[in-house]
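Notes follow once the structure below has been shown.
Every number in this text was worked out from the coordinates using simple rules, so none of it is lab data. The model shown is predicted, which means the values in this text are computed figures rather than measured ones. All Cβ positions, even for glycine, are placed from backbone atoms using ideal geometry, and neighbour counts span all protein chains on display.
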Amino acid sequence: MSKNGHAHDYHINYIPNNSDGETFISADDLRINLWNLEISSQSFNIVDVKPANMEDLTEVITSAEFHPTHCNMLAYSSSKGSIRLMDMRLSALCDRHTKLFVEQEAPGSRSFFTDIIASISEIKFAKDGRHMLSRDYLTLKLWDINMDSDLSIFVICMKNDFIFDKFECCLSGDGLRVATGSYSYMFYILMVLGYLAIVNIMI
């Protein structure tokens, strides 16, 4: 865990609070830092994916979230479509994940286009702490952190070509519904059991 005077070199994308009520993290494209709410002059670098040579950069951090009840655990997603679950008790610098969540691809199906749409725009833990929701360009995925594969995949039909757009996601308090944004003034509310409702919001 390295102490930081200069905390970030890139735009800060996420600042989630920890369940301990004392700490929070700040995440940019390549680094996640841990802060104490009472100390504004220093932070500790806990995740750093910046390569020694930036030409070797293959992925960036796209989202980060603390576990809702275990203050030592956090997860972050990447532009390659993977989610890493980290335990801060195991190492000061979380350079090794305790679990990796990624959708298995069919052999030969990977391309530049699939790499782009696989990028995860947001992850959210459910209140139960066992389930996690992720959003990429085309799908919402519900994960069980006790397993290595997704429980449910909700396919969101996107008719636009703006593949670099990002959409957020959330879960209801009871964990039975998920929601995400879309185009044409719409957002989706989906039952975890598979029911789909489209709600049209005029702005």
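If only the Cβ of Lys and Arg carry +1 and only the Cβ of Asp and Glu carry -1, the dipole of segment 1-102 around its Cα centre is close to 260 debye. Potential lengthening of the chain between Tyr183 and Lys166 amounts to 5.0 nm, from the contour at 0.36 nm per residue minus the alpha-carbon distance. Efficiency by 1/(1 + (r/R0)^6): what FRET value for Leu138 and Thr69, r their Cβ-Cβ distance, R0 = 41 Å, to the nearest 0.05? E(calc), rounded to 0.05, equals 0.85. Going from the residue with the fewest nearby Cβ atoms within 10 Å to the one with the most, Val49, Val178 rank Val49, Val178.
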